[in-house]
Amino acid sequence: MIKERVLTGIISLALLGLMLFFASSLFTQIFIALLFLYAAWEFSKFFNFPVVRRRYFFVFLFGCFQIFFYLILPNDLVYQLLLYLALIWWIIVILRIFFFPTNISNYMVWISGFLILLPSYIAIDYLYQLDVQKIIMFFLLIWIADIGAFFSGKFFGKLKLLPKISPGKTWEGVLGEFFAVLVSTSLYGYLGEIDLLILIPFCFAITVLSIVGDLTISVFKRNVGLKNSGSIFPGHGGLLDRIDSMTSTSPFFAAGIVLFNL
């Protein structure tokens with residue numbers, strides 16, 4: 001299991017590096033769009049009755065929204081509106097998590113899919129266009145947090161965080177996640193001469209949101225009795241299982257980069 005996760009992570013990191021540094025801008029943007037389109041396909045498994053034609057229509061509609069936003073962006077007003085929408089959505093999600101288990105209707109799955117994936121897609125595309133270094137910083141922050149959570153939870157985990165939602169997630173894993181983020185963020189801030197009084201709280205807030213994103217996708221999986229969203233990544237599961245933390249963090253990370261000039 002660990003060997004598969006490490007090997008998959010190395011290959012994914014290598015492909016990402018090739019894409020960001022050597023592929024053309026247009027090709028990379030298309031690749032990002034296709035990744036989220038596939039994520040929408042995996043998300044459509046969360047319908048209580050996953051009729052194939054409804055899943056295709058969900059993905060088709062998601063693709064239409066992607067094209068629409070690609071044509072009208074960049075637009076600061078649209079970015080702000082999407083951020084506010086994402087903020088309201090994730091506040092609702094945090095409150096709803098505490099009432100799990102509750103049945104989630106197909107109607108809510110449709111709405112949730114767009115509110116989870118579209119702002120994240122737009123934010124990551126925005127980060128890529130803004131500065132390749134910024135999107136690498138974002139990916140590294142999420143991956144370091146995930147690695148810290150995995151290994152500390154694997155070797156020390158005993159106290160379950162929310163066992164009905166995510167049986168494998170522990171409080172020890174959460175502490176390991178924050179410790180890994182603290183060490184890496186402090187080093188990055190020191191080398192980059194960035195104010196740690198801004199950088200560390202910002203990265204801690206992103207880490208909290210990453211946990212919320214992870215738990216949220218788990219809620220949808222548990223609602224339909226799925227363990228993983230797919231099997232495209234050996235040892236990891238589906239694409240959504242890999243980007244669940246990014247869905248909740250990317251809009252706020254992009255906003256924070258601009259707001260705090262990090």
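The values are calculated or read from the model by the stated rules, or taken from the named source; none is laboratory data. None of these values were measured; they are calculated from a predicted model. Reconstructed Cβ throughout: ideal geometry from the backbone, glycine too, with neighbour counts over all protein chains shown. Each accessible area value is taken on the protein alone, full model and side chains, heavy atoms only, with ligands, DNA and RNA left out. Shrake-Rupley method; radii C 1.70, N 1.55, O 1.52, S 1.80 Å.
Inside the stretch 60-113, can you point out the residues that are open to solvent by less than 30 Å² (accessible area, probe 1.4 Å), in contact (Cβ under 8 Å) with a residue 40 or more places away in the chain, part of a helix (DSSP H, G or I) and among the hydrophobic types (A, V, I, L, M, F, W, C)?
Scanning the stretch 60-113 gives Phe62, Phe69, Leu82, Ala86, Trp90, Val93, Ile97, Val109.
Within the stretch 4-19, can you find the residues that are loosely packed, with under 12 Cβ neighbours inside 10 Å and either modelled with pLDDT of 75 or more or touching a strand residue (DSSP E or B) at 6+ places or on another chain (Cβ under 8 Å) (or both)?
Result: Ala14, Leu15, Gly17, Leu18.
Please determine whether any residue of the stretch 116-133 is in contact with a Gly (Cβ under 7 Å, 6 or more places away or on another chain), aliphatic (A, V, I, L, M) and more than 23 Å from Glu42 (Cα to Cα).
no
Which of (1) assigned to a loop (DSSP other than H, G, I, E, B); (2) at pLDDT 85 or above; (3) open to solvent by less than 20 Å² (accessible area, probe 1.4 Å) is the odd one out, the single condition Lys158 does not satisfy?
(3)
Can you name the number of the only condition in (1) β-branched (Val, Ile, Thr); (2) touching a residue at least 12 places away in the same chain (Cβ under 8 Å); (3) within 15 Å of Val93 (Cβ to Cβ) that Ile194 fails?
That leaves (3) as the condition not met.
Under 6 Å between Cβ atoms, which residue pairs at least 6 apart in sequence (or on different chains) link something in the stretch 233-262 that is more than 15 Å from Ile116 (Cα to Cα) with a partner that is acidic (Asp, Glu)?
Between residues of the stretch 233-262 that are more than 15 Å from Ile116 (Cα to Cα) and residues that are acidic (Asp, Glu), the close pairs are Pro234/Glu4; Gly235/Glu4; Gly238/Glu42.
Among what's in the stretch 219-257 and is out of contact with any helix residue (DSSP H, G or I) (no Cβ under 8 Å at 6 or more places or on another chain) and more than 21 Å from Ala149 (Cβ to Cβ), pick the residue that is surrounded by the most Cβ atoms within 10 Å (Cβ to Cβ).
Ser231
Name the pairs whose Cβ atoms lie under 9 Å apart, with the first residue in the stretch 170-185 and without any contact (Cβ under 8 Å) to a residue 12 or more places away in the chain, the second β-branched (Val, Ile, Thr) and in a helix (DSSP H, G or I), and 6 or more positions between them or separate chains?
Once the first residue is without any contact (Cβ under 8 Å) to a residue 12 or more places away in the chain and sits in the stretch 170-185, its partners that are β-branched (Val, Ile, Thr) and in a helix (DSSP H, G or I) give Val183/Ile144.
Consider Leu259 against the criteria (1) under 25 Å from Leu13 (Cβ atoms); (2) out of contact with any strand residue (DSSP E or B) (no Cβ under 9 Å at 6 or more places or on another chain): it satisfies all of them except one. Which criterion is unmet?
Among (1) under 25 Å from Leu13 (Cβ atoms); (2) out of contact with any strand residue (DSSP E or B) (no Cβ under 9 Å at 6 or more places or on another chain), the lone unmet condition for Leu259 is (1).
Restricting attention to the stretch 219-244, which residues are within 19 Å of Phe100 (Cα to Cα) and part of a helix (DSSP H, G or I)?
Val219, Phe220, Lys221, Arg222, Asn223, Asp244
Residue-by-condition table, conditions (1) touching a helix residue (DSSP H, G or I) at 6+ places or on another chain (Cβ under 7 Å); (2) at pLDDT below 95; (3) part of a helix (DSSP H, G or I):
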{"position": "Ser166", "(1), (2), (3)": "yes, yes, no"}
{"position": "Gly173", "(1), (2), (3)": "yes, yes, yes"}
{"position": "Ser186", "(1), (2), (3)": "yes, yes, yes"}
{"position": "Gly189", "(1), (2), (3)": "yes, yes, yes"}
{"position": "Cys203", "(1), (2), (3)": "yes, yes, yes"}
{"position": "Val208", "(1), (2), (3)": "no, yes, yes"}
{"position": "Asp214", "(1), (2), (3)": "yes, yes, yes"}
{"position": "Ile217", "(1), (2), (3)": "yes, yes, yes"}
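In the stretch 192-200, is there at least one residue being closer than 14 Å to Leu140 by Cα and assigned to a helix (DSSP H, G or I)?
No.
Looking at (1) of a type in the set (A, V, I, L, M); (2) more than 30 Å from Val52 (Cα to Cα); (3) open to solvent by less than 50 Å² (accessible area, probe 1.4 Å); (4) out of contact with any Asp or Glu (no Cβ under 7 Å at 6 or more places or on another chain), which one does Ile124 not meet, given that it meets all the others?
Only one criterion is unmet by Ile124, namely (2).
Write out, first by first residue and then by second, each pair whose Cβ atoms fall under 6 Å of each other, whose residues are 6+ apart or on separate chains, and whose first residue, in the stretch 117-133, is in a helix (DSSP H, G or I) while the second is among the charged types (D, E, K, R).
Note: pairs meeting the criteria are Leu127/Lys134.
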